[in-house]
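**Q** Below you will find the structure I want to go over with you.
The values are calculated or read from the model by the stated rules, or taken from the named source; none is laboratory data. Just so you know, these numbers come straight off a predicted model, no measurement behind them. Please note: Cβ atoms are built from the backbone with ideal geometry, for glycine as well, and neighbour counts cover all protein chains shown. Accessible surface is based on the protein model in full, side chains and every heavy atom, while ligands, DNA and RNA are left aside. Shrake-Rupley method; radii C 1.70, N 1.55, O 1.52, S 1.80 Å.
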Amino acid sequence: QVQLVESGGGLVQPGGSLKLSCAASGSISTIGAMGWYRQAPGKQRELVASIAAKGRTNYADSVKGRFTVSRDNAKKTAYLQINSLGPEDTAVYYCNAIINALVTWGQGTQVTVSS
């Protein structure tokens with residue numbers, strides 16, 4: 001069974017930083033694009049960043065310059081470095097990936113920005 005597991009969330013003060021990880025495991029032949037989404041209370045889930053298999057990246061306008069997505073294909077892991085956090089970044093952050101040509105989601109990790 002293929003799964004994605006996010007980690008690295010937590011409580012951080014405004015202006016702080018976090019690095020989220022998303023590790024894939026199971027019977028994996030291929031991993032295509034990987035993406036990070038977030039869902040704040042009462043809002044729809046939104047894409048914040050994605051990275052293609054060969055490394056091309058894409059960002060939502062609201063996070064450009066603050067978020068950096070990367071991946072380590074050997075470790076089957078994607079990362080999201082998030083800097084200059086503000087209260088508007090409070091959300092559950094989800095990872096998804098195209099694994100064996102199927103969309104797979106992680107369970108999410110909570111990021112809370114508060115003083």
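**Q** Might you tell me the accessible area per residue for the range 5-115, computed with a 1.4 Å probe and given in Å²?
**A** Averaged over the residues of the range 5-115, the accessible area is 52 Å².
**Q** Here's a follow-up. Cα convex hull of the range 1-48: mean projected area in nm², to one decimal?
**A** For the range 1-48, the mean projected area of the Cα convex hull comes to 4.8 nm².
**Q** With a point put 7 Å past each Cα toward its Cβ, work out how far Thr112 is from Leu47 in nm, to one decimal.
**A** 3.0 nm
**Q** Just the Kirkwood number for the chain, please: inverse of mean 1/r across all distinct Cα pairs, in Å, one decimal.
**A** One over the average 1/r among Cα pairs gives 14.1 Å for the chain.
**Q** Moving on. Among the chymotrypsin sites (Phe, Trp or Tyr not before Pro) in the range 12-106, which ones are in a DSSP loop with at most 14 other Cβ atoms within 10 Å of the Cβ? Mind listing them?
**A** Passing sites in the range 12-106 do not exist.
**Q** Taking the DSSP beta bridges in the chain as the whole, what percent of them are antiparallel, to the nearest 5?
**A** Antiparallel bridges make up about 90 percent of those DSSP assigns within the chain.
**Q** Rounded, prolate or oblate: pick one for the range 52-115, where a ≥ b ≥ c are the square roots of the eigenvalues of its C-alpha gyration tensor, a/c under 1.5 means rounded, and failing that, prolate if a/b is larger than b/c, else oblate.
**A** Since a/c reaches 1.5 and a/b is larger than b/c, the shape of the range 52-115 is classed as prolate.
**Q** For the residue pair Lys19 and Lys64, what label-to-label distance in nm results when each label sits 7 Å from Cα along the Cα-to-beta-carbon direction?
**A** According to this spin-label approximation, the distance is 2.5 nm.
**Q** Students often forget the sequence filter, so: which lysines lie under 26 Å Cα-Cα from Lys54 once same-chain residues fewer than 8 apart are removed?
**A** Straight-distance partners of Lys54: Lys19, Lys64, Lys75, Lys76.
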